[in-house]
């Protein structure tokens, strides 16, 4: 979509529909997203009618069909924010931000692998780094302690046990900016 990392988008051209959550890799409000169908007929499953919102006689008289524009009717106009971002940055500009976050995640993953006290779950595909201390410790308690002390906010993921999760979305941050956080996790695990 925005990035030139086409290897991650293989098969997308075969999809009947695409949903994009632009909250993270679009830097948009949490409710902002897009849903597109190859065939507009597929959207009929979400057609709804409410006489007070889209009465046939009002629509025929030229009044807007609020349900025909959005399922959320009078909610915030998040689509305007998406449009403004796209207008300001363009596909290439937004793609550069995504690519920068993904590159930072690779650098942070390198730092985790280089640290003998940390374990990397796997190489990041996008901008999420999943790791944990090698020390025998309660990862959930470690995470809560750092949060309670106001020192770090770390996500969590469960695979073969509990792991810490960093979703890196600051396009101007560098792997070096995350080194103090990795050091903090190691120190807290001891």
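The values are calculated or read from the model by the stated rules, or taken from the named source; none is laboratory data. Computed from a predicted structure; not experimentally measured. Glycine gets a Cβ as well: all are built from the backbone with ideal geometry, and neighbour counts include every protein chain shown.
Data for the structure
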| read-out | value |
| --- | --- |
| Residue, surrounded by the most Cβ atoms within 10 Å (Cβ to Cβ), within the range 32-46, restricted to residues that are without any contact (Cβ under 8 Å) to a residue 24 or more places away in the chain and assigned to a loop (DSSP other than H, G, I, E, B) | 38 |
| Those residues of the range 175-190 which are touching a helix residue (DSSP H, G or I) at 6+ places or on another chain (Cβ under 9 Å) and assigned to a loop (DSSP other than H, G, I, E, B), in sequence order | none |
| Flag if residue 66 is surrounded by 13 or more Cβ atoms within 10 Å (Cβ to Cβ) and either modelled with pLDDT under 85 or in the same structural domain as residue 104 (by TED's automatic domain parsing) (or both) | yes |
| Filter result (surrounded by 18 or more Cβ atoms within 10 Å (Cβ to Cβ) and touching a strand residue (DSSP E or B) at 6+ places or on another chain (Cβ under 9 Å)) within the range 141-180 | 142, 143, 154, 163, 164, 166, 168, 178 |
| Hits in the range 112-140 (condition: out of contact with any strand residue (DSSP E or B) (no Cβ under 9 Å at 6 or more places or on another chain), more than 23 Å from residue 100 (Cα to Cα) and surrounded by fewer than 12 Cβ atoms within 10 Å (Cβ to Cβ)) | 116, 136 |
| Output for the range 3-31, where each listed residue is in contact with a strand residue (DSSP E or B) (Cβ under 8 Å, 6 or more places away or on another chain), assigned to a loop (DSSP other than H, G, I, E, B) and under 18 Å from residue 127 (Cβ atoms) | 22, 23, 24, 26 |
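Residue-wise test of (1) in contact (Cβ under 8 Å) with a residue 12 or more places away in the chain; (2) farther than 17 Å from residue 178 by Cβ.
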position	(1), (2)
90	no, yes
111	yes, no
122	no, yes
150	no, yes
153	no, no
